[in-house]
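K.L.:
Before we start, here is the structure in question, set down as structure tokens.
The values are calculated or read from the model by the stated rules, or taken from the named source; none is laboratory data. Remember, predicted model here, so these are calculated numbers, not experimental data. Using ideal geometry, Cβ is built from the backbone for each residue, glycine included, and neighbour counts are taken over all protein chains shown.
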Amino acid sequence: MNTFEVLQKNLAHLSRTHPRRRAAAVPAMQNLQAELGYLDDMAITKLAQITGLSTTELEELATFYSLIYRRPPGRHVVQICDSVCCNMRGADQLLESAEKYLHRPLGAITPNGALSVLPSICLGLCDKAPAALVDGEALGPLNNASLEALLQRLQKGD
Amino acid sequence: MSTILIDGRTIAFKPGDNILRAALEADVEIPHFCYHAALDSLGACRLCAVEIKPKNSNEAPRLTMACLEPAKEGLEVSVSAAAAQQVRRHVIELLMINHPHDCPICDEGGECHLQEMTVTCGPPYRRYRGRKRTFTNQDLGPLIHHEMNRCITCYRCTRFYQDYALGNDLGAMRLRNEVYFGRFQDGPLESPFAGNLVEICPTGVFTDALFRQRFARAWDLNTAPSICPHCSVGCNTLPGARDGTLRRVRSRTHPELNRWFICDRGRYGHQYSEHCARLLSPRVSGENTSYHKALNAATTRIKATQNCIGGIGSAREDLEGNTMLQALLNEVGGVFTAFNDPALEAATIAAVSWLQNSAGAPSLIEMEQIDAALIIGDLTAHAPMIDLALRQAYRKGAELTLFHSSPTPLAQFTTSAITVPPREMYAKLSHLCTLINALLAGRDISDDPMAVIAKSLIKARQPLLIGTIETLTATDASVLAKLAITLGPNARLTYALSGPNAYGSALLAPEGNAMQILESVETGKIKTLIVAGNDPFSDPRFGLRWRAACRNLNTLIVLDCILTATAEAADILFPVAAWTERGGTFVNYEGRAQSFLPVFHRPEYLPSAADVIADLAKYLECSRQDVLSVLQDTFPDFQVPAPGTLGSPIPVSLPPISDSPSAGSPLLSSNNSTWQTALMSWYGDETLASFAPGLTSLAPATIAMIEQATATATGIVDGSKIRLRGSADSVVLPVQLNQNIAAGTVGIGRNVLVRLGLGHGDPIELEKVL
Ligand code: SF4
Ligand code: SF4
Ligand code: FES
Ligand code: FES
């Protein structure tokens, strides 16, 4: 069974307890992303068939949440928060220095496919501002030096 | 009534009003973007800031959003307070940061809400010198142009499209200052109401793509109150013309009918009047000639065939044209009907009679309030704005039940949708009637699969029964009416009729005239046939007979503004003015007469059908030649309502329909082995609109639709080809399997029905093509 079929089956079970299939849209997207790394147009189209939402409705959700990727990210993903608290504590400089250090704009993948840095909406880590999510792990407070060290490690890593 | 004070002015408000709604209803302007009377408040734009005076003098005044603050008795509100003005200035400055400032080349320029608000409340100069955020636009199809950089994130578009019109292919993507309003991928917007985005968007993000091809500034357009000629709803419109050509159609508010909106057929169907094959010169025997010579020719022929004359008016011809034709025929000894299809004539007269002998049809705003409905047929294709009204009822929790033969967009909003072959509609409705009677008599019917429907209709506070007449017989229409009577005085009954003036035309001649005329033409008793705004040759069921019969005629006289098959065959052809080029009166599905004015005139002389007939009457030296006096004679208690008003009921009553099925006997279930046809319609499917290239470019593909189980049983697979044979011709079409078509039924479009010479519900031969 491929991922789509598994999802379809899981959703079929779900419908008894959760008659609103639409409610399963975001978990379904996360599931699929865990499998595929990101959601391409084809994935969105399949999800529409499975959940009963339209492709546009799914695109609204997918593009709203910063943890759903519509383009392939690097093997490691650093999401630096740029919302109010982090911004006040220098997130804008962190984002700038990440671009400089990697010689590429935010969102672009490093040549060996190792790493991408993305801005993010508030991560709920305001107490650690300026904060980041590194491959799903909370990190903060960061400064230029610790960020560069981190990027270097991730780039070299595997 | 309770009141609030706005800058010293006393303003009355209704319970539940917010400050902004109360102010706007009283014509007091408070700047705003995201609020819209149809969509209510959101609080997204923050432009409607006002200051509220505190109750105690030791408290500070409070700034708030007028659209979110409930109006309360005695509340003192200031729009002009310095603090409120400052908020508005900042909001505008913020919104204009990324705005492209492309007003000179923007189609919205001159009627742009953002432009007005910026001039009214914004700072006069720009401070921001940075880069602007820019977007890539989408191709949204032939009708709507997309220019995302102009967006101010008021969310009106998606609130209209998704929440109000229940569409799901336009949405708000991304977040923060990158919010993007568009589709998943490029492609035409799918909603039949998408065109309203053009009006609901306060800036130039969504603009009319057809208008764009022949653009004129809003202030350069000639406008006049008009009525949409594309269906029986009678939405109010405001067409705009310039330099002798029609450029666009917009909605015009009618508080009981269409309010702020119209459907895309009404908005984009107008291109028929700019069609390249538009008739502009009279023709006699195929040669262009002068109006005067054409009248002379017609007069001679009519005189020569006195007492052997027939006339066909039309449901899409106005009250004046139909009445004049009827009056003329009375004088020259002829027979009149407004229908070329005897079954449609019977069904329409039955429907109008039932409406007149019941509480009458509800208006659109009344339909929004019903809590249950039984819908028969494809409302979206036959009366799009009634569909939109029922979507509002659905949003408020109404239970909609649908009996349909072919797919219809409303099906997705129903509690139960049952596919019924056309020939079984009568039985289905009669059965439901029996069930309701049984339930009311206290009998247990719970093992009947339709019991739920019967119960839902009985328990409703106000159930609505609505049928689309074009796909019903007179007896079907009558059972529906009887259902309404059975359900008691709270039930409402209505029908989507076959044209903008179907109701008015049905009042003019008794049932049976259509068949009488057809037969008299066939036997040669009628020698001259005058057709005003109708196209008997393209009637699906009777077209073939009309064509054959008309070969017996001495003279076929046609008056029309489009080049129909009948017009092409005319011996004498009078081109007439399109609806935006003439005044007149339509009687809509409720029996509401609404008049309209000419919006502009073309350089060519194009009289209305009523004018042509009046001139003919003069040439023939008839005693009644004047449109107004003929109207007065025909409808003695009727005053033509002034254009731009709400219209008035037409005070004529038809005799009640007797119980015995007459000419319009029900289509009875044929033996099960034969297939029957079902008309597959879509929202652009209407005679005039079929001459509008922008709209028709969106027409669904020509296919034959068959239900899955029937197909499997007969070994037909999706995508295979079948040959369909009718009385006139045979065609080979690809098959599409679909759940939303009745068993044993082949769904085909109007064009194919016409080619085959078959009507909705006729038996059809089908064979697989290998
Ligand atoms: S596209 Fe128009 S209606 Fe939609 S949010 Fe932007 S400005 Fe408002
Ligand atoms: S619903 Fe009918 S009358 Fe109203 S705009 Fe559409 S076609 Fe015209
Ligand atoms: S603002 Fe950065 S984590 Fe909340
Ligand atoms: S109109 Fe009140 S916030 Fe937009």
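K.L.:
Against the conditions (1) more than 12 Å from chain B (Cβ to nearest Cβ); (2) charged (D, E, K, R); (3) under 30 Å from A:Leu147 (Cβ atoms), where does A:Lys46 fall short? Just the number, please.
P.N.:
The failed condition is (3).
K.L.:
Within segment A:99-106, is even one residue part of a loop (DSSP other than H, G, I, E, B) and within 26 Å of A:Gln30 (Cβ to Cβ)?
P.N.:
Keep residues of segment A:99-106 that are part of a loop (DSSP other than H, G, I, E, B), which gives A:103-106.
With within 26 Å of A:Gln30 (Cβ to Cβ) added as a condition, the list becomes A:106.
Yes: segment A:99-106 contains one or more residues that are part of a loop (DSSP other than H, G, I, E, B) and within 26 Å of A:Gln30 (Cβ to Cβ).
K.L.:
From the list B:Leu221, B:Leu238, exactly one residue is within 29 Å of B:Ser648 (Cα to Cα), away from chain A (no Cβ under 14 Å), without any contact (Cβ under 8 Å) to a residue 60 or more places away in the chain and more than 16 Å from ligand 2 (Cβ to nearest atom). Which is it? Outline the logic, then answer.
P.N.:
Values: B:Leu238 fails: more than 16 Å from ligand 2 (Cβ to nearest atom).
Of the residues listed, the single one that is within 29 Å of B:Ser648 (Cα to Cα), away from chain A (no Cβ under 14 Å), without any contact (Cβ under 8 Å) to a residue 60 or more places away in the chain and more than 16 Å from ligand 2 (Cβ to nearest atom) is B:Leu221.
K.L.:
Same structure, new question: Give the residue, chosen from B:Ala577, B:Ala614, B:Ala593, that is without any contact (Cβ under 8 Å) to a residue 60 or more places away in the chain, more than 15 Å from B:Lys293 (Cα to Cα) and outside the structural domain of B:His382 (by TED's automatic domain parsing).
P.N.:
Details: B:Ala614 fails: without any contact (Cβ under 8 Å) to a residue 60 or more places away in the chain; B:Ala593 fails: without any contact (Cβ under 8 Å) to a residue 60 or more places away in the chain.
Just a single option satisfies the conditions, and that option is B:Ala577.
K.L.:
Let me ask you something else. Which condition breaks for B:Leu329 when tested against (1) surrounded by fewer than 24 Cβ atoms within 10 Å (Cβ to Cβ); (2) within 24 Å of the chain's Cα centre (by Cα); (3) in the same structural domain as B:Cys561 (by TED's automatic domain parsing)?
P.N.:
(2)
K.L.:
Would you be able to tell me the number of residues in segment B:145-180 that are closer than 14 Å to B:Leu39 by Cβ and away from chain A (no Cβ under 14 Å)?
P.N.:
Going through segment B:145-180 one residue at a time, the tally reaches 4.
K.L.:
Could you pull out every one of the strands (runs of 3 or more DSSP E) wholly within segment A:110-158 that has 3 or more residues that are in contact (Cβ under 8 Å) with a residue 40 or more places away in the chain and in contact with a Leu (Cβ under 8 Å, 6 or more places away or on another chain)? Please lay out each step first, then the result.
P.N.:
Numbers: elements: A:115-120, A:132-134, A:137-139.
Per the criteria, A:115-120, A:132-134.
K.L.:
Still on this model: Of these, B:Leu42, B:Leu63, B:Leu68, which one is surrounded by 14 or more Cβ atoms within 10 Å (Cβ to Cβ), more than 16 Å from ligand 1 (Cβ to nearest atom) and assigned to a loop (DSSP other than H, G, I, E, B)? Reasoning before the result, please.
P.N.:
Working: B:Leu42 fails: more than 16 Å from ligand 1 (Cβ to nearest atom); B:Leu63 fails: assigned to a loop (DSSP other than H, G, I, E, B).
Selected residue: B:Leu68, the only one of B:Leu42, B:Leu63, B:Leu68 that is surrounded by 14 or more Cβ atoms within 10 Å (Cβ to Cβ), more than 16 Å from ligand 1 (Cβ to nearest atom) and assigned to a loop (DSSP other than H, G, I, E, B).
K.L.:
Considering only segment B:737-753, how many residues are closer than 14 Å to B:Trp682 by Cβ and part of a strand (DSSP E or B)?
P.N.:
2
K.L.:
Please count how many residues of segment B:222-262 are acidic (Asp, Glu) and touching a helix residue (DSSP H, G or I) at 6+ places or on another chain (Cβ under 7 Å).
P.N.:
Applying the first criterion (acidic (Asp, Glu)) to segment B:222-262 yields B:243, B:256.
Next cut, touching a helix residue (DSSP H, G or I) at 6+ places or on another chain (Cβ under 7 Å) only: B:256.
Result for segment B:222-262: 1.
K.L.:
Does segment B:518-527 contain at least one residue that is modelled with pLDDT of 95 or more, in contact with a Pro (Cβ under 9 Å, 6 or more places away or on another chain) and in a helix (DSSP H, G or I)? Even if it seems obvious, please write down each step before you answer.
P.N.:
Start the filter on segment B:518-527 by keeping residues that are modelled with pLDDT of 95 or more, which leaves B:518-527.
Narrowing further to those that are in contact with a Pro (Cβ under 9 Å, 6 or more places away or on another chain): B:518.
Filter once more, so that each one left must be in a helix (DSSP H, G or I): B:518.
Taking every residue of segment B:518-527 in turn, at least one turns out to be modelled with pLDDT of 95 or more, in contact with a Pro (Cβ under 9 Å, 6 or more places away or on another chain) and in a helix (DSSP H, G or I).
K.L.:
Taking the stated definitions as given, is B:Gly43 more than 14 Å from chain A (Cβ to nearest Cβ), out of contact with any Asp or Glu (no Cβ under 8 Å at 6 or more places or on another chain) and more than 11 Å from ligand 4 (Cβ to nearest atom)?
P.N.:
On the way: more than 14 Å from chain A (Cβ to nearest Cβ): yes; out of contact with any Asp or Glu (no Cβ under 8 Å at 6 or more places or on another chain): yes; more than 11 Å from ligand 4 (Cβ to nearest atom): no.
Judged against the criteria, B:Gly43 is not a match.
K.L.:
Return the residue satisfying two criteria in turn: it lies in segment A:101-151 and is polar (S, T, N, Q) and more than 14 Å from every other protein chain (Cβ to nearest Cβ), and of such residues it is farthest from ligand 4 (Cβ to nearest atom). Reasoning before the result, please.
P.N.:
First pass over segment A:101-151, keeping only residues polar (S, T, N, Q): A:110, A:112, A:116, A:120, A:143-144, A:146.
Among the residues that remain, those that are also more than 14 Å from every other protein chain (Cβ to nearest Cβ) are: A:110, A:112, A:116, A:143-144, A:146.
Working: A:Thr110: 43, A:Asn112: 49, A:Ser116: 37, A:Asn143: 40, A:Asn144: 40, A:Ser146: 42 Å.
Result: A:Asn112.
K.L.:
In addition: Would you confirm whether any residue within segment B:150-173 is at positive phi, modelled with pLDDT of 95 or more and within 11 Å of ligand 1 (Cβ to nearest atom)?
P.N.:
Taking segment B:150-173 and keeping what is at positive phi, we get B:153, B:155, B:166.
With modelled with pLDDT of 95 or more added as a condition, the list becomes B:153, B:155, B:166.
Narrowing further to those that are within 11 Å of ligand 1 (Cβ to nearest atom): B:153, B:155.
Scanning segment B:150-173, I find at least one residue that is at positive phi, modelled with pLDDT of 95 or more and within 11 Å of ligand 1 (Cβ to nearest atom), so the answer is yes.
K.L.:
Then there's this: Inspect segment B:189-206 for any residue being within 11 Å of chain A (Cβ to nearest Cβ) and of a type in the set (Val, Ile, Thr) and give the result as yes or no.
P.N.:
In the first step, residues of segment B:189-206 are kept if they are within 11 Å of chain A (Cβ to nearest Cβ); the result is B:189-190.
Filter once more, keeping what is of a type in the set (Val, Ile, Thr): none.
No, that holds for no residue.
K.L.:
Further question: Taking segment A:62-78, which residues are within 12 Å of chain B (Cβ to nearest Cβ) and surrounded by fewer than 20 Cβ atoms within 10 Å (Cβ to Cβ)?
P.N.:
A:Thr63, A:Phe64, A:Tyr65, A:Ser66, A:Ile68, A:Arg70
K.L.:
Yes or no: segment B:73-83 includes at least one residue that is polar (S, T, N, Q), surrounded by 13 or more Cβ atoms within 10 Å (Cβ to Cβ) and within 16 Å of ligand 1 (Cβ to nearest atom). Spell out the reasoning first.
P.N.:
If we filter segment B:73-83 for residues that are polar (S, T, N, Q), which is where we start, we get B:78, B:80.
If we keep only those that are surrounded by 13 or more Cβ atoms within 10 Å (Cβ to Cβ) as well, we get B:78.
Retained after the next criterion (residues that are within 16 Å of ligand 1 (Cβ to nearest atom)): none.
No, segment B:73-83 has no match at all.
K.L.:
Checking the structure you have, find out if any residue of segment B:658-680 is in contact with a strand residue (DSSP E or B) (Cβ under 9 Å, 6 or more places away or on another chain), at pLDDT 95 or above and in a loop (DSSP other than H, G, I, E, B).
P.N.:
Looking through segment B:658-680, at least one residue is in contact with a strand residue (DSSP E or B) (Cβ under 9 Å, 6 or more places away or on another chain), at pLDDT 95 or above and in a loop (DSSP other than H, G, I, E, B).
K.L.:
Take B:Asp169 and tell me if it is over 16 Å from B:Gly266 (Cα atoms), surrounded by 18 or more Cβ atoms within 10 Å (Cβ to Cβ), among the charged types (D, E, K, R) and more than 15 Å from ligand 2 (Cβ to nearest atom).
P.N.:
Values: over 16 Å from B:Gly266 (Cα atoms): yes; surrounded by 18 or more Cβ atoms within 10 Å (Cβ to Cβ): yes; among the charged types (D, E, K, R): yes; more than 15 Å from ligand 2 (Cβ to nearest atom): yes.
Yes: the conditions hold for B:Asp169.
K.L.:
Let me ask something else. Please go through segment B:142-166 and pick out each residue that is of a type in the set (S, T, N, Q), out of contact with any Phe, Trp or Tyr (no Cβ under 8 Å at 6 or more places or on another chain) and surrounded by fewer than 20 Cβ atoms within 10 Å (Cβ to Cβ). Give the steps one after another, and end with the answer.
P.N.:
Pass one, segment B:142-166, residues of a type in the set (S, T, N, Q): B:149, B:153, B:158, B:162.
Narrowing the set further to residues that are out of contact with any Phe, Trp or Tyr (no Cβ under 8 Å at 6 or more places or on another chain) leaves B:153, B:162.
Result: B:Thr153, single match.
K.L.:
Can you pull out the helices (runs of 4 or more DSSP H) entirely within segment B:370-470 that have at least 3 residues that are under 30 Å from B:Ala38 (Cβ atoms)? Outline the logic, then answer.
P.N.:
Values: elements: B:379-382, B:384-395, B:425-440, B:451-459.
The helices (runs of 4 or more DSSP H) meeting that bar are B:379-382, B:384-395, B:451-459.
K.L.:
Same structure, new question: Consider B:Ile11 carefully, then state whether it is away from ligand 1 (no atom under 16 Å from the Cβ), closer than 28 Å to B:Asn177 by Cα and surrounded by 15 or more Cβ atoms within 10 Å (Cβ to Cβ).
P.N.:
Numbers: away from ligand 1 (no atom under 16 Å from the Cβ): yes; closer than 28 Å to B:Asn177 by Cα: no; surrounded by 15 or more Cβ atoms within 10 Å (Cβ to Cβ): yes.
Answer is no for this residue.
K.L.:
Further question: Which of the following residues is modelled with pLDDT of 95 or more, under 22 Å from B:Thr696 (Cα atoms) and away from every other protein chain (no Cβ under 14 Å): B:Arg212, B:Arg183?
P.N.:
Details: B:Arg183 fails: away from every other protein chain (no Cβ under 14 Å).
The match here is B:Arg212.
K.L.:
If you go through segment B:208-221 one residue at a time, do you hit one that is within 13 Å of ligand 1 (Cβ to nearest atom) and touching a helix residue (DSSP H, G or I) at 6+ places or on another chain (Cβ under 8 Å)? If you could, list the steps in order and put the result at the bottom.
P.N.:
Step one: list which residues in segment B:208-221 are within 13 Å of ligand 1 (Cβ to nearest atom), which gives none.
No: zero hits.
Yes or no, residue by residue, for (1) more than 16 Å from ligand 1 (Cβ to nearest atom); (2) surrounded by fewer than 21 Cβ atoms within 10 Å (Cβ to Cβ); (3) outside the structural domain of A:Asn10 (by TED's automatic domain parsing):
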residue: A:Leu32; (1), (2), (3): yes, no, no
residue: A:Gln49; (1), (2), (3): yes, yes, no
residue: A:Thr56; (1), (2), (3): no, no, no
residue: A:Asp92; (1), (2), (3): yes, yes, yes
residue: A:Ile121; (1), (2), (3): yes, yes, yes
